Amino acid sequence: MSEQAVHPQTAPGAAPAAGPAAAALELCTDRPLVVLTGAGLSTDSGIPDYRGPNAPVARPMTYQEFVSGPGPRQRYWARSAIGWGRMRGAHPNPGHRAVAALGADLVITQNVDGLHEAAGTEPLVALHGRIADVVCLECRRITSRSALQRRLEEVNPGWADRHREVEVRPDGDVAIDDVADFVVPACEACGGVLKPDVVFFGENVPKDRVARCYAAVEALADTGGVLLTAGTSLTVMSGLRFVRRARQREIPVVILNRGETRGDPLATHKVDDGTSTWLPALVAARGRG
């Protein structure tokens, strides 16, 4: 059963005085860690999440919808052409930098924004891929999203300028529906359909990534380690399965998230605090600051 309580926000890097946050800090101070992160870690970098208290209402595109025909793909890339231009300007926040400094056995992120990579986090599994990469669904060639952005701007001059005021949504999406005149480039190598190299809703995470994550979590049983989740509501099974596996192996689980998560009943300690606040405190406690 988890220890549930709301911890008032403290100054970044300051150790919590008492309660679940302090107990979780003590548990994680000297033990090996595997860290699982979600969209809540990037909100302080200006990237909205899907399920936080102030998250915009959004319906992310599914894989089945994306491959169903040119219309959905036109809508996706028209929105992304604007959202990407803003999203790529985001920088790691204190939470990302803290995760990079923790010395974890493995960091598993559900985020596709690349901010863990920018913070220098290693070793890292980007469970759902990276929005900075594009894959051709025909020849499987991988190219950069920045290169595609230049092509999108060339064939759709003035598109971003005409939509400066639109709302930014998670994963670089924006609220635009009138996309009839937007031109979508094809793969330069084979003329195939281009897709961001991320796992859409309705797709499966590659098996090798999942296996590596399971192995790291299960190894905590032998080292006396802790699974720490940060900034994820654990709503989808993609992340929740690792929490369930940890509890099956009697591995302690610390959940750091503002608001409830689907994994709360499985937590050893639940910390209701900001990732940019509590994670730097953990770095200091581990003597890695």
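The values are calculated or read from the model by the stated rules, or taken from the named source; none is laboratory data. Because the structure is predicted, anything quoted here is derived from the model rather than measured. All Cβ positions, glycine included, derive from the backbone under ideal geometry; neighbour counts span all protein chains shown. These area figures cover heavy atoms from the full protein model, side chains too; ligands, DNA and RNA do not enter into them. Shrake-Rupley method; radii C 1.70, N 1.55, O 1.52, S 1.80 Å.
Scan around Asp273 for amide H atoms under 5 Å from its own, H built in the peptide plane at 1.01 Å from N, and keep only partners 5 or more places away or cross-chain.
Asn257, Arg258
If a/c stays under 1.5 just call it rounded; otherwise compare a/b with b/c (prolate if a/b is bigger, oblate if not). Do that for region 82-148, with a ≥ b ≥ c from the square roots of the Cα gyration tensor eigenvalues. Provide the component values of the computation, followed by the final result.
Working: a/c = 3.08, a/b = 1.55, b/c = 1.98.
The shape class here is oblate.
In square angstrom, rounded to the nearest 10, how much accessible surface does Arg73 have for a 1.4 Å probe?
40 Å²
If I take R0 = 22 Å and measure r between the Cβ atoms of Ala147 and Ala118 in this structure, what FRET efficiency does the formula 1/(1 + (r/R0)^6) give, to the nearest 0.05?
Working: r = 19 Å, r/R0 = 0.84.
For R0 = 22 Å, the calculated efficiency reads 0.75.
Which cross-chain or sequence-distant (5 or more) residues have an amide H under 5 Å from the amide H of Gly114, H modelled 1.01 Å from N in plane?
Residues meeting the criterion, in which the H sits 1.01 Å from N, are Ile131.
Take the alpha-carbon centre of region 228-274, take the same for region 180-202, and report the distance between them in whole Å.
Using only Cα atoms, the two centres lie 34 Å from each other.
Find out how many positive minus negative residues lie around Arg247, taking Lys and Arg as positive, Asp and Glu as negative, among other residues whose Cβ is under 14 Å from that of Arg247.
Taking every other residue near Arg247 into account, the sum is +3.
Counting alpha carbon pairs within less than 8 Å and at least 6 residues apart, what relative contact order, in whole percent, applies to region 173-258? Walk me through the numbers on the way to the answer.
Numbers: 60 pairs, mean separation 21.7, N = 86.
Relative contact order for region 173-258 comes out at 25 percent.
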